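Each remark here refers to the structure printed beneath this line.
The values are calculated or read from the model by the stated rules, or taken from the named source; none is laboratory data. Here the structure is a predicted model, which means the values were calculated and not measured. A quick note on method: Cβ atoms are made from the backbone with ideal geometry, for glycine too, and the neighbour counts reach across all protein chains shown. SASA here: full protein model, heavy atoms, side chains in, ligands and nucleic acids out. Shrake-Rupley method; radii C 1.70, N 1.55, O 1.52, S 1.80 Å.
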Amino acid sequence: MVKKSAKNTSKETELSGKPVSDLTEAEAAHELERLATEIAHNDVLYYREDHPEISDADYDSLRQRNDAIEARFPKLVRNDSPSKRIGATPSEAFGKVVHAVPMLSLGNVFDDEGVRDFVDRIRRFLGLDGDTPLDFTTEPKIDGLSIGLRYEGGRLVQAATRGDGYVGENVTANVLTIKDVPQEVKARDFPDVFEVRGEIYMSHSAFAGLNAEQEKAGGKIFANPRNAAAGSLRQLDPSVTASRPLQFFAYAWGEVASLPADTQWGVYEAFARWGFPLNPLATLTSSLDKMLGIYREIEEGRAGLDYDIDGVVYKLDRLDLQERLGFVSRSPRWAIAHKFPAQKAMTILRDIDIQVGRTGALTPVAKLEPVTVGGVVVQNATLHNEDEIVRKDVRIGDTVIVQRAGDVIPQILGPVLDKRPKSAKPFVFPTVCPACGSHAVREINPKTGKEDAVRRCTGGLICPAQRVERLKHFVSRNAFDIEGLGEKNIQSFYDEGLIQSPPDIFTLAARDADADEKLSKREGWGETSAQKLFDAIAARRDVKLDRFIFALGIRHVGEITGRLLARSYGTIDNFLKAMTDAAKDREGEAFKELENIDGIGPAAAAAIADFFAEPHNVQVVHDLLEEVSPQPLEAVDKGSPVSGKTVVFTGTLEHMTRAEAKAQAERLGAKVAGSVSKKTDYVVAGPGAGSKLKNATELGVDVLTEEEWLTLIG
Ligand code: IVH
């Protein structure tokens with residue numbers, strides 16, 4: 001291997017030849033340092049200077065060795081690890097773009113039943129019977145990268161990747177080189193501001209051609225067309241993108257001054273008129289059977305297409321109905337992706353590891369001989385729980401079938417029995433926690449009286465695995481979202497004793513200022529990166545209340561419940577007071593109020609009260625509040641007359657379904673409760689209202705008819 005830059009001592013040369021399985025921890029750390037420097041050096045030669053000095057195979061083996069060492073010593077993963085970078089273009093290289101309208105994703109279904117449920121759900125939500133015709137667009141789900149193209153005055157002014165859905169990367173210069181994307185739209189009916197969204201992809205033939213050229217030039221070989229498209233789009237030098245054959249299909253829109261039609265299909269027709277490429281297989285259908293028929297046709301034709309697709313997307317055609325349906329969490333209620341069946345492969349089960357999660361759950365993870373499943377190398381797969389291992393009778397040493405479905409974690413379907421070696425032994429599931437040695441037990445579910453499938457560590461806050469997992473959850477994207485404090489850094493700060501519990505995160509900068517051994521002097525860190533981290537932490541001191549609640553990692557309290565609680569209690573002081581009261585008395589007002597929040601089930605209410613009944617947890621929350629000041633959520637619609645009010649719907653509604661009424665009220669900033677109390681502001685009663693109406697009258701709560709409610713909200 002040609003190495004022009006790295007100076008090798010004889011010790012390093014010796015190390016670089018040593019099998020990964022024989023490395024000591026100290027040697028592994030040394031090797032990772034060498035590999036990071038060497039790979040970064042070769043990346044610059046390849047990507048920026050277009051002048052690689054080593055063959056692609058040699059480059060790949062450097063990366064493979066780096067990955068293998070990291071897999072064996074996860075604690076040693078460096079901040080500047082090559083495995084953390086996509087290609088050679090760190091995302092900081094591109095400017096950030098805040099999407100005016102978030103770029104959200106689609107829910108998935110995997111069978112006909114799922115599509116039927118999707119259509120039924122829409123009908124139920126809108127209160128339509130089975131006979132009311134509903135049209136859907138039916139089109140392939142393109143396996144590329146989504147992009148938003150913003151036009152102002154007919155000119156393409158900005159192109160942004162999806163990123164996390166809210167903030168993407170500015171790749172305008174690169175997108176301007178793609179022939180499929182109009183730089184200018186001259187049509188007279190093209191609105192002044194219009195963001196066209198769609199997918200950038202690379203065709204199979206272009207991909208093969210690109211890889212052939214890369215091979216001749218000794219360049220990087222891409223694993224699949226999607227990677228090739230992503231790598232080509234995220235180039236620092238637009239002339240490299242220009243030389244890569246990228247294509248585009250339009251299928252959605254973001255911020256628009258106006259829309260050219262009142263149906264999805266109508267907008268597609270306008271797209272075509274304006275010069276945007278539409279997928280030729282897109283159609284407009286009018287029944288579930290036709291949708292499923294087209295799914296089958298597309299699936300049958302899949303192998304003959306010159307680009308990758310991974311399913312079919314159905315979208316409700318009428319835009320007014322789309323608007324009424326809105327979004328749930330991050331996906332629209334009016335569209336869904338019907339994914340093609342999972343891809344499978346055979347490989348050997350080398351071992352079973354037990355991972356301890358944030359809530360103490362012991363999860364068996366299959367360690368596999370690496371195998372490619374649908375274009376992705378899989379080496380870990382979930383085995384769910386101990387009953388699953390017994391039920392499937394998977395043994396270490398077995399040949400097993402692995403399945404990957406979309407972005408779901410790979411799963412083990414079962415062993416191939418006639419390949420079972422004599423030495424294969426059944427796995428004995430541990431009854432103590434591998435992280436802290438506490439007993440691991442299977443709880444009895446109070447409702448069913450049955451043993452829980454999951455074995456949990458009883459070590460609670462003394463268990464390092466739980467503590468560190470709680471910390472990872474605390475800083476994760478939907479919680480505190482601290483940039484630069486990802487899982488790897490949390491793990492190493494935890495291991496070094498720098499961060500043991502969430503409040504420590506916020507005292508890190510002050511402690512560092514007094515410390516002899518500064519963060520900026522540590523391996524993998526510098527002045528800039530340390531300062532950036534401190535800034536990112538400081539920026540989260542006024543975190544939003546819903547994120548704060550979600551970050552606490554209370555069982556059964558996900559993002560949505562976090563938001564409900566934040567909306568219901570308004571401020572952190574109210575929330576804490578109510579939760580401490582609820583924890584003290586499960587029969588009291590505070591607990592009843594908590595249980596009464598529409599969307600909070602008994603399990604969540606009990607888990608929240610349990611959490612606040614534990615003095616350790618309350619202490620952590622108090623310590624944390626010395627450092628951060630959670631901010632109330634803005635009302636969804638501050639100007640609305642029902643913003644901040646509590647509403648109960650009862651009886652039959654005539655203009656919309658209960659679900660739609662609830663979603664609409666919440667959009668307007670109201671809280672929807674399940675039963676009437678002193679805190680209820682309005683009861684909207686339709687025909688057939690019973691005890692809730694009676695309660696409302698007794699408590700002197702305002703009772704409105706559905707019409708009066710509609711007038712009130714305008
Ligand atoms: S519609 C509000 N249509 O799939 C959702 N998405 O999981 C708008 N995709 O991020 C998306 N083909 O990158 C839509 N025909 C299609 C698509 C498509 C591929 C991708 C897109 C999106 C992801 C959703």
Provide the three semi-axes, in whole Å and in decreasing order, of the ellipsoid equivalent to the range 166-286 as defined by the square roots of 5 times the Cα gyration tensor eigenvalues. 30, 16, 12
Exposed GluC sites (Glu not before Pro) absent - longest run of the chain, DSSP non-H/G/I/E/B, at most 16 other C-beta within 10 Å: 50-482
Run the dipole for the range 519-656 about the Cα centre, Lys and Arg Cβ at +1, Asp and Glu Cβ at -1, nothing else charged, and hand back the magnitude in debye, nearest 20. 340 debye
Positive-end residue, the chain charge dipole about Cα centroid, Cβ charges, pick of 327, 664, 340: 340
Neighbour-limited loop hits for trypsin sites (Lys or Arg not before Pro), the range 178-258 (at most 12 other Cβ within 10 Å; DSSP other than H, G, I, E, B): 179, 186, 188
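Keeping all protein chains in place, calculate the accessible area per residue for the chain (probe 1.4 angstrom), answer in Å².
For the chain, the per-residue accessible area is 48 Å².
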So if I place +1 on the C-beta of Lys and Arg and -1 on the C-beta of Asp and Glu, and nothing else carries charge, what would the dipole magnitude of the chain be about its Cα centre? I want it in debye, nearest 20. 800 debye
Pop out the carbon and sulfur fraction of the accessible area of the range 223-381 as a percent, whole number, probe 1.4 Å. 50 percent
Would you mind working out the magnitude of the charge dipole of the range 537-596 relative to its Cα centre, with +1 at each Lys and Arg C-beta and -1 at each Asp and Glu C-beta, to the nearest 20 Debye? 340 debye
Please report the relative contact order for the range 512-598, taking Cα pairs under 8 Å with a sequence separation of at least 6, and give it as a percent rounded to a whole number. 14 percent
Built amide H within the under 5 Å cut-off of residue 313, gap 5+: 139, 141, 338
Taking alpha-carbon centroids only, the range 62-76 lies from the range 625-664 a number of Å equal to 49 Å
Between the range 450-509 and the range 220-284, how far is it from one alpha carbon centroid to the other, in angstrom? 40 Å
Relative pair counts by distance (%), Cα atoms of the chain, 20 Å bins: 14, 43, 38, 5, 0
I need the semi-axes of the equivalent ellipsoid of the range 167-226: take the C-alpha gyration tensor, multiply each eigenvalue by 5, square-root it, list largest first in whole angstrom. 32, 13, 11
Three principal axis extents, largest first, for the C-alpha atoms of the range 606-714, in Å? 50, 30, 24
Selection from 228, 703, 175 lying farthest towards where the dipole of the chain points positive, charges on Cβ: 228
Can you list residues whose amide H is under 5 Å from residue 251's amide H, if they're 5+ apart or on another chain and H is modeled 1.01 Å from N? 197, 198, 199
Mean shadow area (nm²) of the C-alpha convex hull around the range 221-306 is 8.4 nm²
The chain - mean residue ellipticity at 222 nm from DSSP helices (-39,500 (n - 2.57) per run, n ≥ 4, rounded to 500): -11000 deg cm²/dmol
Surface share of carbon and sulfur [accessible, 1.4 angstrom probe, percent] for the range 470-591: 48 percent
So if I restrict to the alpha-carbon atoms in the range 466-505, what is the Rg, and what is Dmax, the biggest pairwise distance, in Å? 8.8, 26
Going by amide H atoms built from the backbone, whose H comes under 5 Å of the H on residue 704, apart from near neighbours? 683, 684, 685
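Exactly which trypsin sites (Lys or Arg not before Pro) in the range 487-585 are in a DSSP loop and have at most 13 other Cβ atoms within 10 Å?
Numbers: sites: 488, 511, 518, 521, 522, 532, 540, 541, 544, 547, 555, 563, 567, 577, 584; in loops: 518, 522, 540, 541, 555.
For trypsin sites (Lys or Arg not before Pro) across the range 487-585 that sit outside H, G, I, E and B with at most 13 neighbouring Cβ atoms in 10 Å, the list reads 518, 541.
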Projected-area mean, the range 382-536, by convex hull of Cα positions, square nanometres: 13.7 nm²
Could you state the per residue volume, in Å³, of the convex hull enclosing the Cα atoms of the range 481-572? 103 Å³
Pairwise Cα inverse-distance average, inverted: Kirkwood Rh of the range 111-241 (Å): 17.8 Å
Specify, per residue and in Å³, the volume enclosed by the convex hull of the alpha carbon atoms belonging to the range 520-646. 132 Å³
Report the one residue of 498, 530, 270 whose Cα lies farthest in the direction of the positive end of the charge dipole of the chain (charges on C-beta: Lys and Arg +1, Asp and Glu -1; origin at the Cα centre). 498
